[in-house]
Amino acid sequence: MKLLTITIPCYNSQEYMEHAINSALIGGDDIEIIIVDDGSSDNTLQIAKQYEEKYPSIVRAIHKENGGHGSAVNTGIDNAEGVYFKVLDSDDWLDAYSLQRVLQLLREMITDGVGLDMVISNYVYEKPSVHKHKVMSYNIAIPKDKVISWRDFRHFRVSQNLLMHSIIYRTKLLRDCGLRLPEHTFYVDNLYAYNPLPYVKKIYYLDVDLYRYYIGREDQSVNEAVMTKRIDQQIKVNKLMIDAYDLMNIKDFKLRKYMIKYLAMMLIVSSALLVNEGSPESLQKRDELWNYLRNKNIILYNIINRRRLGKVMQMKRKSGQKIIIHGYHIFNRIYGFN
């Protein structure tokens, strides 16, 4: 039995994918690594097959027609044999010590029949171009080293969100909740970190810095210029999140509170990018996005609108837009991860 499936979606990743694969191989026979070649035109598939030949009991190489990151993650879920499931992007990597700690925890939980739904660990922003290295931990927001539920969660800071990088799901849960990420769409990792949450009951926070998130490639999806160019994709994901649930029907108060916070954060990021771009078309898209939420769920709109940033992001006057742009650039200078 494999404890953990690590799926590595790859598209033209020949320059950096081996670092990701090698970091996962530290897990040995307790894991399976599914390398999904998403229709690459470079040597990605050949490299994946070389690893499959060298590590036949651990690595599987799967080739598919190009469908985007979400399609590759779906393929990983469909083929996973591990009890638990994690996504590792091909330009990121896993910390060796932390991975061993995670596998030890999973082994203990499975042996004891605990049936964890989700394991949370820290992730680290790695931006070598400006010598930035920042750990994003949850040690104030979430009790650690014990099995908990949503009611045990505390207050999340603005910078604290459960991202794809910090989450390990039980594979069966992903299948039971029917998670299918849209194809040919960027930023679907937000759906991955959001849609399954109401199905999660048993949670464990392991305070280790497992996921190393590389920031700095010019073509990277979180590059500001790229995000602005792909803003329609971001808006699409925002709307899919709005459509996913009527959050007012989420019975667990702390889960509902967190999901509202996450959705608000996504709307604020999109709005800031649109205002920063500044064209009449972008400002219209900003207004249309907030109107979409208002028309879909007026109660949720009012809750988010009452938040300080929610109201600020809808300012229409030039002075208000300047405040948004100024705040956006201050945030980027402080964190430097965009």
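The values are calculated or read from the model by the stated rules, or taken from the named source; none is laboratory data. The structure displayed is predicted, hence computed values, not measured ones. Quick reminder, even Gly has a Cβ in these numbers, built from the backbone with ideal geometry, and neighbours come from all protein chains shown. Side chains are part of the model used for accessible areas, which takes the heavy atoms of the whole protein and leaves out ligands, DNA and RNA. Shrake-Rupley method; radii C 1.70, N 1.55, O 1.52, S 1.80 Å.
Odds and ends about this structure:
- Charge context of Arg256, other residues only, Cβ under 13 angstrom, K/R +1, D/E -1: +3
- 16 Å Cα-Cα reach of Lys49 towards lysines, excluding residues that sit fewer than 8 places from it in its own chain: Lys64
- Estimated vicinal HN-Hα couplings, Hz - the stretch 113-127 in sequence order (Karplus 6.51, -1.76, 1.60; Gly, Pro = x): x, 6, x, 4, 9, 8, 10, 10, 9, 6, 10, 10, 6, 10, 10
- Each Lys or Arg adds one and each Asp or Glu takes one away; over the other residues whose Cβ falls under 10 Å from the Cβ of Thr5, this sums to +1.
- Cross-link partners of Lys134 among aspartates and glutamates (Cα-Cα below 12 Å; sequence separation of 8 or more within a chain): Glu126, Asp209
- Under the shape rule built on the C-alpha gyration tensor, where the axes satisfy a ≥ b ≥ c, the stretch 259-300 is oblate, since a/c reaches at least 1.5 while a/b does not exceed b/c.
- Here the simple spin-label model places points 7 Å from the Cα toward Cβ, and for Lys172 and Asp152 these points are separated by 2.1 nm.
- Within-11-Å neighbourhood charge of Tyr138 [Cβ basis; K, R +1; D, E -1]: +2
- Positive-end residue of Gln14, Ser137, Tyr245, charge dipole of the chain with Cβ unit charges: Tyr245
- With all protein chains modelled, accessible area of Ser149 [1.4 Å, Å²]: 20
- Per-residue SASA entry for Trp150, accessible area with 1.4 Å probe, Å² rounded to 10: 10
- Dividing the helix sum by the residues of the chain, where each DSSP H run of 4 or more adds -39500 (n - 2.57), gives a mean residue ellipticity at 222 nm of -13500 deg cm²/dmol.
- Think of the chain as having a plus end and a minus end, set by charges on the Cβ of Lys, Arg, Asp and Glu; of Leu162, Tyr187, Gly28, Leu162 sits farthest toward the positive end of this dipole.
- Approximate spin-label separation Asp207-Asp232, in nm, with each point projected 7 Å along Cα-to-Cβ: 4.7
- Taken about its Cα centre, the chain carries a charge dipole of roughly 2240 debye when the Cβ of each Lys and Arg holds +1 and the Cβ of each Asp and Glu holds -1.
- Relative to the compact-globule estimate of 2.2 N^0.38 Å, the Cα radius of gyration of the stretch 1-65 comes out at 1.02.
- On Cα atoms only, tilt of 253-277 relative to the major axis of the chain in degrees: 70
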